[in-house]
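First comes the structure, then the notes that go with it.
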Amino acid sequence: MKALILSAGFGTRLLPYTRFLPKPLFPVCGRPLIDHLIQQLVDHGATEIMINTHHLHKSVEAHVRGSFFRIPVHTRFEPVILDTGGAIKNLADFWEAEPFIVVNCDIKTDINLKDVYDFHLSHTCPVTLVMHDCERFNSVYVDREGYVKGFKKNMPDALEKPSNRLLAFTGIHVIDPSILEWIPEGKPAGIIDIYTNMIEHGENIAAHIAKDHYWIDIGTPENYKQAVFDEMAAQSFKTAFQVAVKSPVSRKPLKGDGSDRVWQRISQGGHSLILVDHGIRKDDNRNEADSFVAIGTHLEQTGVPVPQIISQDTFSGFVILEDLGDTHFETHIKQIVDLKEITACYKNMIDIIVDMNVNGIKAFQDEFTYQTSSYDKALILEKECRYFVDAFLNGYLGLDIPYDTFSDEFDDLSDRALSKGIVGFMHRDLQSRNIMVKNGRFFLIDFQGGRRGPLQYDVASLLIDPYVNLSSDLQKNLAFYAAQRTEAITHTSVDDFLYGYTYLKLTRGLQMLGAFGFLTKKKEKTWFKSHIPAAIETLHRNLSLTESALFPRLKKMVEQLMEKLYQGNLTH
């Protein structure tokens with residue numbers, strides 16, 4: 001049994017993603033779609049396969065050349081797309097006397113192709129079309145005897161009668177070589193038009209009606225992601241719980257935070273996992289999903305408490321994790337009344353941060369990161385200081401203040417922040433909503449922005465977090481504990497730790513206000529607005545702890561923000 005996989009289309013419905021990757025190479029759980037089809041054909045009796053190509057044909061051809069398959073697999077380039085009929089005619093030299101099978105490259109199915117081929121051999125019709133009942137695609141008339149009578153495309157009303165029913169074509173045909181006589185030479189030819197012509201001239205086309213099967217057309221972003229999810233979910237539940245998926249997997253949206261990613265709890269048979277959707281890859285560059293997987297795997301291997309990654313497909317953007325429940329550190333702390341217990345929780349978290357900084361940097365590779373590989377001066381100036389001016393002062397408050405107003409002060413601040421930094425692995429967004437609590441243990445999430453950077457920044461992120469809004473006295477005591485803990489492990493002096501912490505509290509404070517302004521104004525996530533007052537008060541307090549001669553214009557600006565806050569007219 002020879003086979004043709006139709007792969008010459010432009011993948012228009014999958015734009016913009018098909019601009020850099022042809023549809024046949026879209027991965028499903030790490031394997032290109034075309035490899036799934038080839039394997040299925042091989043398993044069901046194919047002896048040789050041809051793939052027609054056009055759009056980004058060199059990528060498909062290189063993939064085939066570089067792969068090992070158990071049977072010969074060839075490609076044939078079409079300089080001009082010939083459509084299905086023309087592609088079949090173009091391969092006249094490839095076909096032999098026996099029937100051959102043709103499969104669209106953009107379907108994912110478990111239909112048994114050997115059964116289909118055997119069905120074709122059991123009758124005398126020159127063509128068998130594999131049909132099924134799929135309401136939104138039903139467009140082919142099939143009579144009670146199992147013959148295709150026509151296509152709604154060409155005969156919209158003539159065949160609408162009780163003896164016929166509408167079914168959907170699966171994109172799978174078995175064809176006798178005699179069909180070549182019906183196809184014109186050397187030009188595009190639509191196969192539906194060919195089949196319509198054959199029927200009109202008295203040829204019978206058989207319908208093999210598939211039932212109790214899986215089938216999906218992956219030609220749209222939504223369907224492609226659904227196909228990936230279906231396979232990933234089945235694999236993940238089997239990996240995590242040693243159970244086979246026997247019923248549909250439910251998906252329940254979870255409330256996100258500042259990120260554009262989509263979070264869902266997926267459940268089946270009493271078990272649950274967490275799905276993170278980063279979105280389909282848009283180019284060849286490293287993306288957020290890549291870093292999420294690389295850094296998450298690295299941290300788990302170094303003993304940092306993070307959720308286990310069960311499976312991943314970074315092209316589709318899907319990552320499936322263990323389910324850590326719904327309790328964030330913020331919620332956990334706010335439920336505790338006893339100050340000693342709160343302090344103990346924070347000390348536990350500080351121990352985790354110090355250990356992560358020291359051990360997480362071991363074997364860490366800069367290639368894991370998708371933004372910058374380290375927390376440096378350029379990042380501070382652009383992503384924290386300028387972010388504060390552009391997204392908060394100007395974007396949120398509408399003040400129209402030039403960045404240059406503070407540029408020399410920001411330059412001094414960044415130098416001071418980095419001068420005593422204890423460089424290791426830095427999470428960069430280690431606040432109370434990025435810590436989960438399960439069975440009394442703390443787990444870090446949202447680590448995809450991690451990089452090389454100062455330990456004090458993560459400590460500052462935790463302690464000045466406006467979601468919990470710890471008292472200044474408790475912040476001070478916990479910072480001193482962090483300094484002592486760090487000194488015991490890294491032999492960095494307490495004074496050096498606290499010096500770096502003093503200025504990194506400020507850079508983090510600027511970043512938070514920039515983020516709150518951007519998320520509230522641009523992303524319309526208005527719930528962040530309620531945390532702006534606490535963030536301003538914290539920045540004001542931490543600026544007041546620096547030498548009086550430092551940052552005069554920034555201090556004046558924050559004083560004005562405090563006045564607006566007290567007067568109740570902070571927003572523009």
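The values are calculated or read from the model by the stated rules, or taken from the named source; none is laboratory data. Since the model is a prediction, treat every value here as computed from it, not as a measurement. Cβ placement follows ideal geometry from the backbone for every residue including glycine, while neighbour counts extend to all protein chains displayed.
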Is it the case that residue 191 is within 29 Å of residue 34 (Cα to Cα) and surrounded by 16 or more Cβ atoms within 10 Å (Cβ to Cβ)?
yes
Can residue 535 be described as in a helix (DSSP H, G or I), hydrophobic (A, V, I, L, M, F, W, C) and in contact (Cβ under 8 Å) with a residue 24 or more places away in the chain?
yes
If only one of 28, 42, 116 is surrounded by 15 or more Cβ atoms within 10 Å (Cβ to Cβ), aliphatic (A, V, I, L, M) and touching a helix residue (DSSP H, G or I) at 6+ places or on another chain (Cβ under 9 Å), which one is it?
28
If the Cβ limit is 8 Å and pairs must be 6+ apart or interchain, which residue in region 24-47 that is touching a residue at least 40 places away in the same chain (Cβ under 8 Å) and over 17 Å from residue 4 (Cβ atoms) pairs with which residue that is among the aromatic types (Phe, Trp, Tyr) and outside any helix (DSSP H, G or I)?
26/315; 27/315
Those residues that are crowded, with 20+ Cβ neighbours inside 10 Å and of a type in the set (S, T, N, Q), I need them from region 472-496; list them, please.
475, 486
Based on what the data block shows, is residue 20 within 24 Å of residue 100 (Cβ to Cβ), surrounded by fewer than 18 Cβ atoms within 10 Å (Cβ to Cβ) and touching a residue at least 12 places away in the same chain (Cβ under 8 Å)?
no
Could you list all residues from region 497-536 that are charged (D, E, K, R), at pLDDT 95 or above and surrounded by fewer than 18 Cβ atoms within 10 Å (Cβ to Cβ)?
none
In region 113-129, the residues that are within 13 Å of residue 40 (Cβ to Cβ) and out of contact with any Asp or Glu (no Cβ under 9 Å at 6 or more places or on another chain)
115, 116, 117
So if I check each of 382, 341, 367, which one is surrounded by fewer than 16 Cβ atoms within 10 Å (Cβ to Cβ), at negative phi, under 21 Å from the mean Cα position of the chain (by Cα) and assigned to a helix (DSSP H, G or I)?
367
Filter region 68-110 down to residues that are under 24 Å from residue 227 (Cα atoms) and of a type in the set (A, V, I, L, M) and give me whichever is modelled with the lowest pLDDT.
107
Kindly indicate which of 549, 535 is small (Gly, Ala, Ser) and either closer than 23 Å to residue 431 by Cα or within 34 Å of the chain's Cα centre (by Cα) (or both).
535
I'd like to check something: does region 426-433 contain any residue that is touching a strand residue (DSSP E or B) at 6+ places or on another chain (Cβ under 7 Å) and among the polar types (S, T, N, Q)?
yes
Residue count, region 499-532, condition part of a loop (DSSP other than H, G, I, E, B) and touching a helix residue (DSSP H, G or I) at 6+ places or on another chain (Cβ under 7 Å), comes to 1
Yes/no for residue 463 being at pLDDT 95 or above, closer than 16 Å to residue 360 by Cβ and assigned by TED's automatic domain parsing to the domain that holds residue 349:
no
Test result for residue 76, of a type in the set (D, E, K, R) and farther than 23 Å from residue 181 by Cβ
no
Screening 244, 158, 234 for residues that are outside the structural domain of residue 85 (by TED's automatic domain parsing), modelled with pLDDT under 95 and either surrounded by fewer than 16 Cβ atoms within 10 Å (Cβ to Cβ) or touching a Pro at 6+ places or on another chain (Cβ under 6 Å) (or both) leaves only 244
Is there a residue being touching a helix residue (DSSP H, G or I) at 6+ places or on another chain (Cβ under 9 Å), in a helix (DSSP H, G or I) and either modelled with pLDDT of 95 or more or on the phi < 0 side of the Ramachandran plot (or both) anywhere in region 197-208?
yes
Give 41, 25 a once-over and let me know the one that is modelled with pLDDT of 95 or more and in contact with a strand residue (DSSP E or B) (Cβ under 8 Å, 6 or more places away or on another chain).
41
Only one residue in 432, 530 is within 28 Å of the chain's Cα centre (by Cα) and in the same structural domain as residue 351 (by TED's automatic domain parsing), so which one is that?
432
Expected output for region 248-263 (first residue closer than 21 Å to residue 516 by Cα and not assigned by TED's automatic domain parsing to the domain that holds residue 530, partner of a type in the set (Asp, Glu) and surrounded by 12 or more Cβ atoms within 10 Å (Cβ to Cβ), Cβ below 6 Å, 6+ apart or cross-chain) is 262/277
Residue 3 vs. criteria assigned to a strand (DSSP E or B), of a type outside the set (Phe, Trp, Tyr) and under 17 Å from residue 174 (Cα atoms):
yes
Here are 333, 361, 353: which of them is modelled with pLDDT of 95 or more, in a loop (DSSP other than H, G, I, E, B) and aliphatic (A, V, I, L, M)?
361
Among 262, 293, the single one that is among the β-branched types (Val, Ile, Thr) and modelled with pLDDT of 95 or more is 293
